[in-house]
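Here is the structure we will look at.
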Amino acid sequence: MRLNALLMTRDRPSLRVLGATLDVMRIEMQTCQSAADAVELLVKGHHSALVLDFDLPGADQVACMARLVSPRRRPVVFGMVSAFTPVGSAFQSRVNFVLYKPLEFDQVVRSLRAGQDLMPPNPRRSDRHKLETLVYLQLGTTALPAVVLDLSEQGLALQTPEPLPPVQNVPLRFALPGTSHVVEAVGEVIWTDEDGRAGMFFSQMTAVARTHLKDWLAKRGGRAQDAVRVLMPPRRARHGVHSTH
């Protein structure tokens, strides 16, 4: 069984201990230093374990994003905390195991072994997923990452770590999987639910971006009737932002 771990930390002593531990346990290691990079790597690749340094900004958001990964490939999340870390954010993010800094080899080994049976193996061939890309929603000065659940020429369905605030028109951008094309558009929110899912209609998009999207959908066998299915809320979603009172 092949296992791999994604580490988000800038702490060199912790990296040394984690590197030695993962090497002994024959778990491959990949590192990054920011929440933005961790979210990108998390969604685009397979990781059996996710080790987050909660002394870095955005660690709680990465942990929340890890919960959005499909159960078959959802990583076991280890949160690193120190005496100065607001540990509440780690527990609110529902990490599976907590590692206390300064890390000690034996402590890390015990925690990794405890979570090893829960770690999804990294397949030799990537699983085929319906859609694997991030979308960034621009909410004021904040860029909120979300996972695209479905996509059509007219709009998309997405999953955010937390329910969307009451907004209607949101600038957004996402990369078309398997290409270098980035789609920038404005999405009109047409429904949301308590679980963080939402449906958006593309109210603005450049002609070039629309052509790239149309070509990408055609290569994947996209059909006209998919537009309605993508924009329709699931049964549990009851919050249409255009409902009248």
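The values are calculated or read from the model by the stated rules, or taken from the named source; none is laboratory data. Computed from a prediction, not measured in an experiment: that's the story for all the values here. In this analysis, Cβ positions are derived from the backbone assuming ideal geometry, glycine residues included, and neighbour counts consider all displayed protein chains. Just the protein is used for accessible areas: all its heavy atoms, side chains included, with ligands, DNA and RNA removed. Shrake-Rupley method; radii C 1.70, N 1.55, O 1.52, S 1.80 Å.
For trypsin sites (Lys or Arg not before Pro), the sites in region 15-45 that DSSP calls loop and that have at most 12 other Cβ atoms within 10 Å are ARG26. Subtracting the Cα-Cα distance of SER203 and GLN154 from 0.36 nm times their residue separation leaves 16.8 nm of extension gain. So, for region 1-52, what is the accessible surface per residue at a probe of 1.4 Å, expressed in square angstrom? For region 1-52, the solvent-accessible area averages 48 Å² per residue. Taking a point 7 Å from the Cα of GLN33 along the Cα-to-Cβ direction, the residues of region 55-69 with backbone N closer than 18 Å to it are 55-59. In plain terms, the chain from THR141 to ASP195 could stretch by 17.1 nm, reckoned as 0.36 nm per residue minus the Cα-Cα distance.
Please label the shape of region 11-89 as rounded, prolate or oblate, based on the square roots a ≥ b ≥ c of the eigenvalues of the alpha-carbon gyration tensor (a/c under 1.5 means rounded; beyond that, a/b larger than b/c means prolate, else oblate). Please report the intermediate quantities before stating the final value.
Values: a/c = 1.70, a/b = 1.05, b/c = 1.62.
Here region 11-89 falls in the oblate category.
Rank LEU139, LEU176, LEU118 by accessible area, highest first, at a 1.4 Å probe radius? Kindly include the intermediate steps, with their values, before the conclusion.
Values: LEU139 40, LEU176 0, LEU118 115 Å².
Largest accessible area first, the residues go LEU118, LEU139, LEU176.
Stretch ASP117-SER70 to full length: gain in nm at 0.36 nm per residue minus the Cα-Cα span?
On the way: separation 47, 0.36 × 47 = 16.92 nm, distance 1.73 nm.
Here the answer is 15.2 nm.
Along its three principal directions, the equivalent ellipsoid of region 158-204 from the Cα gyration tensor extends over semi-axes of 21, 13, 8 Å, largest first.
The GluC sites (Glu not before Pro) found in region 20-123 that occupy coil by DSSP, while having at most 14 further C-beta atoms within 10 Å, are GLU104. Counting protein heavy atoms only, region 52-117 has 52 percent of its accessible area on carbon and sulfur, 1.4 angstrom probe.
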